[in-house]
Every structure is written in structure tokens, then in C-alpha cells.
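Trainee: Shown below is the structure under consideration.
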Amino acid sequence: MSFFEPGIIGIIPRSEVNTETGEDGLPGPAACVTQVNKMVAFKVKEIKETDDGQTIATLSRKEAQLDAKQWMAENLVEGMVIRGIVRNMEKYGLFVDIGCGIIGLLHTHN
């Protein structure tokens, strides 16, 4: 009997989690709490089935970001409209998440 319900379990390597660790050696709360109830993009690196029939996918957020940055560098053109979410506002501009954790800065003018 499997502990998990049928479906795919996604695992992200510890090396891709925030490096701040607690006394127990596990990632600190800030590593995970900031992503609760937020959409996060991952690249599926590998899919394996265990002996008991459970499917496990190894995920990489880092590789998804690298792929997205490469796509943007090769495909963005002046005048293109991009959707994003404003994450922070400062006097000098807005920080906008344009996807896959990539943040853009929209400067303000006085």
C-alpha cells in the first residue's frame, strides 16, 4: 500500500531551494512560505516510476528560468506587449514579474 494517493509526485532538488537553512538543516521558512498560493513554473527533468507504481517527476525551477530568459533574449522586440504582475512599487519605478520569476523594471519619469 502506498502512502500517497495515485498521481504524480513532483520533487525539486534541495540545491534549488533557498540556501538559508535552520538548525535542523532543512530550508528556512522563507524558502517556501513566499511561494504559498502562487503559481510557480518548473521544467520537468525526469519522470520515474517506483517499484510500488508511484510516478515521481524531478522538477527544476532554475532551468525553467534559464529557458525563459533565453527565449526572451531571442524573441522580445520593441513594442511587444507582455503581461505581468506588479510585485513592488518604488519612487523610481515598478518591479513587474513577467513570468517564470523573471522581474522587469518599468521606470517612472518625473
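Just so it is clear, none of the values below were taken in a lab; they were calculated from the coordinates. All values reported here derive from a predicted model rather than from experimental measurement. When we count neighbours, we look across all protein chains shown, and the Cβ atoms used for this are built from the backbone with ideal geometry, even at glycine.
Trainee: Within the stretch 74-90, list the residues whose amide N lies under 20 Å from a label point set 7 Å along Cα→Cβ of Thr108.
Mentor: Counting backbone N atoms under 20 Å from the label point, the list is 84-90.
Trainee: Oh, and also: How far apart, in nanometres, would the label points at Glu74 and Ala57 be if each is projected 7 angstrom from Cα along the Cα-to-Cβ direction?
Mentor: Taking the simple label geometry, Glu74 and Ala57 are separated by 2.3 nm.
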